[in-house]
Structure formats: C-alpha cells, structure tokens
Amino acid sequence: MHLLRVQVPDFRVLKDIDITFEQTFNPNVFPLGSLNGGGKSTLLQLIFVLLHCSAHSERHQFIANMLQRVGIPEGENSKLLARFELIDGAEKIELEFTLYNDDYLRQLDINPIFNKEMVSFGLFPKKERLLSSHEKSDAEIEQEFYDDHIDSDPSLSQREKQAMMTALASSFHEYIEERNKSFATIPPLAESISESLTLKKQHYITSYSCNGNAIGLLCHSSNVNKSTKDINAILITLSKHVFLSAPPTQIYLFLDEWSKELLFKKRDVKRNRWVDNYESKLDKVKNELPNFLTFDVFAVDIVVALIEQARNQDFKTQVDTGTIGASYQKIIAELNLLTQGKKVLPQLDENAAITGIVFKTNNGIEIYPEDLSHGELKRLSIYVWLKTLPKGENIVLMDEIENALHPDWQFQIVRDLVEWGKDNQYILATHSYGLCEALTPAHVKELEPKLITH
Amino acid sequence: MSLSNTELQEHCNTIINSRRTQNKIVILCEGNVHANKGKASPSSYRQLEKLPDANFYKACIPVWWKQKRPEFFICGDRQDVINTYFELQKMHSQPRNDSYLNQDKLFAIIDLDLPLCKFDDSYPIKDSEALFYSLYQQGQINQQAILEKSIFITGLIYKEAYFLIPDLQPLFDDYSPVVHFNNVPINLKAVYREMAHKLINDGNLMQPDQFKRACKRIRHCEQLDFNNLNDLQQSWLTAFDTATESTQQLLIYALLTIHQVKDYWKTIAPHQENIIPAERFKEQLILKIADFYARQAHNSTHHIPGFFNALSKWA
C-alpha cells in the first residue's frame with residue numbers, strides 16, 4: 001500500500017491541503033515541513049487515525065476524540081473530511097471520508113414504516129449498546145441499572161442503599177419497558193439506514209455528537225466498482241499497514257478530552273495521583289493502538305520481543321531440522337552493527353527468561369545507561385521497531401524523527417530508514433534541513449502558510 | 001559567471017561565520033551559490049529548482065563515516081571555488097577571532113575539465129592539470145598524494161562522468177523506473193560507443209591546445225593513436241571492439257577523462273516521461289549513484305571513495 005495523495009479541505013489548522021507523494025520517487029521518503037503550528041502533526045495523526053482505526057470498532061473512540069468539536073457548516077448536510085488516493089499493487093484506490101448530519105440520512109430511501117424523525121446517526125451507537133446488553137441476564141441488567149443510579153459512596157449503609165433501590169423500582173420498570181420498545185424499533189431502523197447507505201456505497205464508520213447534533217463518519221470510494229464490503233476490506237488491510245511514531249511530548253488529538261487536559265494539570269503528588277497523568281494515558285492508548293509508537297528513551301520491550309522471537313525461531317528450526325537456527329545470532333549481529341563499539345546482549349534471569357538488555361564494550365565491560373547517547377538509543381529503537389513491522393509495503397508516518405539526532409545523523413537517518421525497511425513509504429514531519437538534504441527538493445512537501453485575505 | 005570581488009568577500013565571510021564549520025572538515029565545491037540564501041528549512045530546500053551539486057558529494061560520504069562528517073559549501077563555478085579557497089586561506093593567514101573555520105581542515109573539490117584553472121602562487125601546485133597528474137597515475141588515484149593536498153580534482157572530466165562509469169550498469173538495470181538512454185534501456189557500452197562516434201564533434205577537443213592536453217592525460221592507453229582527433233576516434237573504436245574486459249575499462253576511463261559527457265547525461269530519462277519529469281528522475285538517480293559510492297569498501301579504487309577515505313584522516 002502506498003499513499004499517493006491526501007486532501008484535507010478544512011480540519012482544525014489544516015486548510016486546503018492537497019499533497020502528492022509520488023510512487024515513482026526514489027527513495028520513498030517524503031519530508032513534510034511547515035512552521036510550528038502549521039499542522040504537520042495534525043495531518044499525520046488524521047491520516048493515522050482514519051486509516052488505522054476505521055476498520056476496528058474498538059478503535060472508533062479515537063476517531064471520535066480526533067473529531068471532537070468538528071461540526072458541519074450551517075445550512076449544509078455534509079463536510080468532506082479527507083480524501084485519500086492509495087495504490088495497492090497495480091490498483092489505484094480512492095477513499096473519501098465525509099461527515100454527515102441527520103438531514104442527509106433523512107433524505108435517504110428509508111422504509112416508510114419508520115418515523116423519519118427518528119432517523120439519526122445517534123441510532124447506531126444505541127443499537128450497539130442494545131445488542132451488547134441483549135446477551136446479559138436480567139439480574140445483570142438490574143444490577144447495572146442500580147449501579148448507574150445509586151451513589152457509589154462507600155459510607156452509605158446497606159439500609160440506605162436498599163431504601164434508594166425501593167425508590168427507584170418504578171423507574172427500573174419504566175427503563176425495562178423503554179428498553180423493550182427500543183429493541184423493537186432501533187435495530188430494524190438502523191438496519192434499514194445501513195441498507196440505504198450500502199445502496200449508495202457509503203460505508204458507515206462511526207458517529208459522535210457535536211453541540212448536541214449527531215454526526216456520522218462515512219467512507220466512500222470514487223472507484224465505481226467498490227461496494228461497502230470492498231471498502232471495509234480495504235480499511236482492514238490499511239489498518240495493518242499504517243503506522244505512526246512520534247515524541248511522547250506531542251499533544252495527541254486522538255486522546256480523550258480529559259487525557260489532553262491532564263497536560264495542563266498540576267500533578268497531585270501528595271495524593272499519590274501520579275498514575276493519572278498524560279504519560280500513563282498515552283501508555284494505555286499504545287496498548288489499544290498496536291501501530292502507534294512514541295519515541296521513548298529506549299524501546300526495550302520491542303528489543304526484548306525481537307530477541308525472544310529470534311530465539312523461538314531458532315528453537316523451531318531445531319525441532320523442524322535437528323539443527324539450531326541462526327536467527328538469534330543474526331539479530332544480535334545486526335544490533336551490534338548499529339551500536340558501533342558496543343555489544344547488545346539480553347539480560348537473563350535464573351530461568352533464562354529475558355528481563356532486559358545490557359550494553360557492553362568489546363572488552364566485556366558493562367556500559368551504564370547514562371553513558372549511552374539519546375540519539376544512539378533512538379536510532380536503535382527505530383531500527384527494532386521497523387524490524388517488527390509486517391513484511392511488504394507499509395505507510396510509516398514519523399513525527400519529529402530528527403529530535404535527539406545530531407545534524408550528521410539527521411542526514412543519515414533517511415538512508416537508515418530505507419535500509420531497515422526498503423518497501424515502506426515514509427512520511428516524516430520535520431523541521432530539519434539536514435534531513436531534507438539527503439533527498440531531492442522535489443521530495444519535500446510543505447504545508448504552506450496561508451495568505452492573509454485583506 | 002564568476003563572483004565579483006565584493007561577492008567573493010561576502011561569500012567568504014558567510015563561510016567563516018557559519019557555525020557549521022566548527023570542528024568540521026569544510027569542502028568547497030561547485031554549484032549555484034545564489035540558489036539558497038534563505039534560512040535553512042525544509043521549505044527553503046523545497047524551493048530549490050534542482051538538487052544542489054554539493055548534495056551529490058554529501059551523499060557519497062562513506063556509510064561508515066558516522067561522526068564529524070564534512071560540511072560542504074557551494075561556491076559557484078570552478079574558478080570561484082579556487083578563489084574562495086585562496087581567499088579563505090588569506091583571511092586566516094593572520095590570527096583572527098571572528099571565524100569558526102579551521103584552515104587546516106579546509107578543502108576544495110573541482111572538476112578536471114579541459115580548460116586550465118590556475119592556482120594562487122602560494123600553492124605548491126600551479127594549476128588544475130598539474131594537480132591532476134599529482135593525484136592520478138594512469139587513471140588510478142593516489143591516496144597518499146590526496147593526504148598531502150587540500151584541493152582535490154576529479155580524475156574524470158566532470159562530476160557527471162562519475163554518473164556513467166561501467167560499474168554502474170547493474171544499478172541502472174535494477175533501477176525503477178527503467179533508465180532510458182536514447183529511448184531504450186541504458187546500455188553503457190552503447191553509450192561509450194556513441195561518445196566515441198561524437199568525439200570528433202567535441203568543441204573543446206577541436207582546439208589544438210586542449211586536444212594536446214587531453215592526449216597527454218590518456219597517453220598510457222597504448223591502443224590509441226594521438227595523431228589527430230579523427231585518428232583518436234578511429235583507434236578508440238577499433239581497440240574497443242577487440243579489447244579484453246580490462247582494456248575496455250581503460251579505454252572507457254580514457255574517454256570519460258577527456259570528452260564532454262554532460263550532454264549524454266542530459267539524454268538520460270525515465271522510460272515514461274509522464275510518470276516522472278526527467279529532471280526529477282535524474283536527481284533521484286544521482287542520489288542512488290552517490291549511495292553506490294558511499295557503500296564502497298575502504299580499499300576501493302574508485303576516485304570519490306578514495307578521496308573520502310583519505311579525507312577521513314582529518315576528521
């Protein structure tokens with residue numbers, strides 16, 4: 001998969017963006033420049049979130065976070081969010097991600113047995129909630145209802161809780177009645193809307209609320225022969241092949257509002273609330289977005305995983321052939337080649353489980369972590385991360401890759417990327433002139449500052 | 001067009017005031033000195049009309065040279081490079097406290113070309129031709145001699161000749177989009193034959209003094225007849241068709257040492273012009289060629305890696 005072109009008419013700071021990443025360019029590395037606040041990071045995050053998250057419902061919250069407060073202009077019923085041109089093998093694919101409001105849905109050919117006023121993008125999340133609750137027992141539903149309505153204050157006595165439950169009993173019955181009614185109407189109506197969207201070759205992705213209005217994100221392909229099923233298949237493939245790496249200090253628009261606000265909150269050390277900070281939220285997100293990496297001090301977990309993988313491969317080779325494989329030796333040799341004059345070795349516990357990494361000089365003397373340069377560790381981290389990417393063409397988005405690298409290394413990192421993942425396409429948001437010099441001027445893309453209208 | 005005295009002074013001041021030069025090897029090279037005057041940023045780089053000449057050399061720096069890599073400064077034409085070099089040396093002949101430049105680490109790289117380029121009287125070598133003979137013997141680079149010089153001259157006529165050496169044929173064969181010369185996939189031996197056929201139309205070689213200079217450079221090729229340009233052409237073609245592989249190499253390098261090669265490089269194009277403009281295609285190909293030189297072994301006999309191998313002793 002190769003990203004040929006991205007167009008973003010209007011999203012946050014991004015205005016009239018239209019950038020082409022030529023497939024015929026060699027190497028496939030494109031620096032992306034702009035002033036600070038020019039939208040480089042926003043663009044990379046938007047590409048990543050739309051292409052990595054759309055196919056997986058459990059990642060849709062990140063799309064909704066990203067689109068928070070993005071509404072549809074007054075008097076319109078849609079707004080084009082982004083248009084992508086991609087190439088998969090020999091096939092050119094065009095995808096349009098567009099936001100729609102309920103007015104658009106109400107113009108669709110919906111079964112007349114349904115009340116048009118009920119037609120809304122808000123039905124889709126309701127339907128999901130209903131369907132997931134359908135599998136629950138009556139006792140579980142009752143418990144959930146009371147848990148939602150009764151204060152969880154631990155100081156409440158059992159008697160007080162019982163009194164509150166009695167008071168809420170009639171409400172619970174009303175809730176059950178409402179729920180049963182919803183079962184009869186919402187899933188069939190949502191189904192009818194889906195069918196109409198399918199006929200228009202509009203693939204529903206997710207919906208969210210903006211200023212009390214329900215908004216839906218739909219994906220359409222300009223390729224005439226692409227059905228919604230095809231679009232979904234493309235999005236599934238894309239989700240596996242689009243990657244984002246960026247500094248942990250970046251503000252990530254796809255985090256929920258509270259997490260972003262934590263960046264500006266004073267840490268409450270006295271109450272030991274270190275857990276509730278931006279970094280910990282980011283760590284949690286990384287578990288939920290497998291193709292997202294932050295440039296931390298050192299990607300030790302990835303290095304360990306890579307060595308474990310090599311060790312397991314060697315064991316498998318021994319089982320299959322009777323001779324131990326050479327994967328471990330190979331990966332250690334590759335890592336040592338990167339850390340000139342230093343050897344990388346796994347640290348083992350008494351059961352030979354890998355617990356970490358140790359660096360030694362060629363004479364076997366252990367090197368303390370503080371004696372390793374940040375740039376050296378970063379380069380090593382990028383190397384091992386790229387090694388873990390799936391084979392084939394990946395779209396790798398990297399934000400501020402030059403941080404911690406000396407200008408000499410900024411120039412060389414382009415060659416490194418090509419060497420470490422030659423089939424990948426790299427889009428590098430950067431301020432580095434030195435990095436650009438490793439490529440031709442035509443490789444460099446820019447989010448140009450907009451002229452002022454007088 | 002050369003820099004005026006004022007421009008030269010300004011240019012030299014820019015170099016000595018540049019922090020890029022601090023503790024670094026500085027190499028002056030040819031190229032459009034006016035191309036990039038703005039603040040160095042991705043935006044200013046993007047606005048360049050073409051790949052700066054220095055970037056070819058920069059990309060040729062061996063891959064094993066990781067730290068304290070040389071810094072390049074574009075100075076204009078060949079004479080500008082030389083003028084800048086000697087002006088900077090002159091500016092540092094007296095102690096000064098406004099320069100980041102270490103004059104012991106100041107180098108220049110120029111094209112051989114056919115017209116003569118004279119050096120300052122203070123330099124132990126009088127001109128470009130003398131420098132060529134001190135650095136190369138029968139087409140082979142002398143690394144020890146490079147260590148003793150601070151001006152490096154190409155062993156082939158122009159930098160562009162290094163884009164067409166025989167060892168690059170596999171690179172061209174594997175490159176995508178397909179590299180075309182005269183609308184067919186490039187075959188370097190066919191290019192050399194065409195060069196030989198057009199030798200008699202080479203304006204520089206038609207001039208007696210330059211023809212004489214050219215012949216002197218390649219006199220080690222016993223198969224060639226240096227009587228006149230026609231005889232040289234005929235003898236080259238006859239010798240090339242019957243020569244062994246090693247003699248063919250000698251003849252090719254001889255041709256690339258004296259003949260105008262820039263026109264042939266201009267003819268290089270992608271197999272389909274509509275997929276990428278020819279100029280963009282060639283710039284990218286140049287960087288790929290530079291990568292070829294950057295990956296040569298320490299004991300490489302190629303001229304450019306030989307230059308950087310020697311230079312690395314100063315890092």
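The values are calculated or read from the model by the stated rules, or taken from the named source; none is laboratory data. The structure presented is a predicted model; accordingly, all values stated were derived computationally and were not measured. Cβ placement follows ideal geometry from the backbone for every residue including glycine, while neighbour counts extend to all protein chains displayed.
Numbers below:
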{"item": "Subset of region B:249-277 that is touching an Asp or Glu at 6+ places or on another chain (Cβ under 6 Å) and among the hydrophobic types (A, V, I, L, M, F, W, C) - its residue that is farthest from the other protein chains (Cβ to nearest Cβ)", "result": "B:261"}
{"item": "Any hit, region A:286-299, residues being in a helix (DSSP H, G or I), under 25 Å from the mean Cα position of the chain (by Cα) and among the charged types (D, E, K, R)", "result": "yes"}
{"item": "Any helices (runs of 4 or more DSSP H) falling wholly within region B:155-221 and containing at least 3 residues that are buried (at least 16 other Cβ atoms within 10 Å of the Cβ) and not aliphatic (A, V, I, L, M)", "result": "B:208-217"}
{"item": "Checklist (1) outside any helix (DSSP H, G or I); (2) within 34 Å of the chain's Cα centre (by Cα); (3) not basic (Lys, Arg) applied to residue A:352, failing item", "result": "(2)"}
{"item": "Test result for residue A:99, of a type in the set (A, V, I, L, M) and either surrounded by fewer than 16 Cβ atoms within 10 Å (Cβ to Cβ) or more than 18 Å from the chain's Cα centre (by Cα) (or both)", "result": "yes"}
{"item": "Residue among A:342, A:360 that is within 14 Å of another protein chain (Cβ to nearest Cβ), surrounded by fewer than 22 Cβ atoms within 10 Å (Cβ to Cβ), touching a strand residue (DSSP E or B) at 6+ places or on another chain (Cβ under 6 Å) and among the basic types (Lys, Arg)", "result": "A:342"}
{"item": "Residue within region A:170-183 that is modelled with pLDDT of 80 or more, within 29 Å of residue A:227 (Cα to Cα) and part of a helix (DSSP H, G or I) present", "result": "yes"}
{"item": "Complete set of residues in region A:59-109 that are in a helix (DSSP H, G or I), touching a strand residue (DSSP E or B) at 6+ places or on another chain (Cβ under 7 Å) and of a type in the set (D, E, K, R)", "result": "A:102"}
{"item": "Any hit, region B:278-293, residues being in a loop (DSSP other than H, G, I, E, B), in contact (Cβ under 8 Å) with a residue 40 or more places away in the chain and within 11 Å of chain A (Cβ to nearest Cβ)", "result": "no"}
{"item": "In region A:300-344, the residues that are hydrophobic (A, V, I, L, M, F, W, C), in contact with a helix residue (DSSP H, G or I) (Cβ under 8 Å, 6 or more places away or on another chain) and within 21 Å of residue A:375 (Cβ to Cβ)", "result": "A:302, A:303, A:306, A:335, A:338, A:344"}
{"item": "Top-ranked residue in region A:31-53 [being of a type in the set (A, V, I, L, M, F, W, C) and surrounded by fewer than 24 Cβ atoms within 10 Å (Cβ to Cβ); ranked as farthest from the other protein chains (Cβ to nearest Cβ)]", "result": "A:47"}
{"item": "Helices (runs of 4 or more DSSP H) contained in region A:366-454 and holding at least 2 residues under 27 Å from the mean Cα position of the chain (by Cα) and away from every other protein chain (no Cβ under 14 Å)", "result": "A:374-388"}
{"item": "Wholly within region B:1-105, helices (runs of 4 or more DSSP H) carrying at least 3 residues that are touching a residue at least 12 places away in the same chain (Cβ under 8 Å) and within 14 Å of another protein chain (Cβ to nearest Cβ)", "result": "B:53-60"}
{"item": "Residue in region A:5-21 that is among the polar types (S, T, N, Q) and either crowded, with 20+ Cβ neighbours inside 10 Å or within 14 Å of chain B (Cβ to nearest Cβ) (or both) present", "result": "yes"}
{"item": "Pick from region B:294-310, criterion part of a helix (DSSP H, G or I) and among the small types (Gly, Ala, Ser), ranking: farthest from the chain's Cα centre (by Cα)", "result": "B:310"}
{"item": "Unmet requirement for residue B:241, which otherwise passes all of (1) of a type in the set (Asp, Glu); (2) within 14 Å of chain A (Cβ to nearest Cβ); (3) in a helix (DSSP H, G or I); (4) farther than 30 Å from residue A:411 by Cβ", "result": "(2)"}
